[in-house]
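To keep things clear, I will list the structure first and then write my remarks on it.
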Amino acid sequence: MVEQIEIGDPAIAVAIKRSARARRYSLRISNKDGSISLTVPKYAVMSEALNFAREHEGWMRKHLAKQLKPLSLQIGGSVLFDGEYRRIEPGTGRIVRFDGEVLQVPGSAEMVPTKLKAYFKAMARERMVSASIHYADLLGKPIGRITMRDTRSRWGSCTSDGNLMYSWRLIMAPKAVQAYVAAHEACHLIEMNHSDAYWALVANVFPDYKTHRSWLKKNGSLLHRYMF
Ligand SMILES: [Zn+2]
């Protein structure tokens, strides 16, 4: 009998395999389909298996993201927008619209990723510009240019002359996470490092930043799986 547990949100299914020979817990991700199994000693306690899997959630997400197929964007499918999965439906006119529930994308099927990308980039710009101005004002610092890019290695950056850069993929993250990234970069206008003084500044303008920073650590790779 295969027992199964689920970890995190979006959930990762982990099949538990009991083995008489196993002396310790070992996690395995299948190269074929990305399925995950956790081999445990025969009489292992389920709550311990669950704890073990939870401790390795970050590791699993990282490997799944690398391994799993990229996510394609198509009518009838869905995509993360402001941290929620939104259905992609056919639209009318020329531009993408969001009616509060679904994303309406006009035009031919093969243009869906391109149109969504343009919409996401524009929305991300709007969001990140206003959030950056908000936090820079709080800190009493002027900002320079703000550019939106598609960067794998970082969600944002800040130069010594106050120019800010953000990944437009942040529009897929929850709004609070977007705000955290803006606050993070705005604080670099004062401290160009990640010293204790820097994090104290972040905590000052964005008290619950840790929750949102860990959301990005956990789910950031998911945002990169979408193929635009
Ligand atoms: Zn930083």
Taking a ≥ b ≥ c as the square roots of the eigenvalues of the Cα gyration tensor, with a/c under 1.5 meaning rounded and otherwise prolate when a/b exceeds b/c and oblate if not, the chain is oblate
With DSSP loop assignment and no more than 13 other C-beta atoms within 10 Å, the trypsin sites (Lys or Arg not before Pro) in the stretch 151-228 are Arg152, Arg154
Rounded to whole angstrom, the alpha-carbon centroid of the stretch 87-140 lies from that of the stretch 1-80 at a distance of 33 Å
Expressed in square angstrom to the nearest 10, the accessible area of Ile95 with a 1.4 Å probe stands at 100 Å²
Once both label points are put 7 Å beyond Cα along the C-beta direction, the Ser72-Ser26 separation in nm becomes 3.7 nm
Under the 7 Å Cα-to-Cβ spin-label approximation, Arg54 and Asp9 lie apart by a distance in nanometres of 1.4 nm
Relative contact order in percent for the chain (Cα pairs under 8 Å, 6+ apart) equals 16 percent
Of 155-161, 21-27, ordering from highest average Cβ density within 10 Å down gives 155-161, 21-27
Filtering GluC sites (Glu not before Pro) in the stretch 33-118 by DSSP loop and by at most 11 other Cβ atoms within 10 Å leaves Glu101
Here the gain from full extension of Arg125 to Lys141, 0.36 nm per residue of separation minus their alpha-carbon distance, amounts to 3.8 nm
Honestly the stretch 3-67 on the Cα gyration tensor test (a ≥ b ≥ c root eigenvalues; a/c under 1.5 rounded, otherwise a/b vs b/c for prolate or oblate) is just prolate
Note, Lys141: beta-carbon cut-off 15 Å, +1 each Lys/Arg, -1 each Asp/Glu, net -3
In this structure, the FRET efficiency calculated for Ile95 and Trp199 from their beta-carbon separation, with R0 = 41 Å, to the nearest 0.05, is 0.50
Candidate cut points under trypsin sites (Lys or Arg not before Pro) in the stretch 51-97, DSSP loop plus at most 11 other Cβ atoms within 10 Å of their own Cβ, are Arg94
Per the helix-only model, the chain has a calculated mean residue ellipticity at 222 nm (DSSP H runs of ≥4, -39500 (n - 2.57) each, divided over all residues, rounded to the nearest 500) of -12500 deg cm²/dmol
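The values are calculated or read from the model by the stated rules, or taken from the named source; none is laboratory data. Fair warning: this is a prediction, and the values are worked out from it, not measured in the lab. Counting neighbours? That spans all protein chains shown, and the Cβs are built from the backbone with ideal geometry, glycine included. For accessibility, only protein heavy atoms count, side chains too; no ligands or nucleic acids. Shrake-Rupley method; radii C 1.70, N 1.55, O 1.52, S 1.80 Å.
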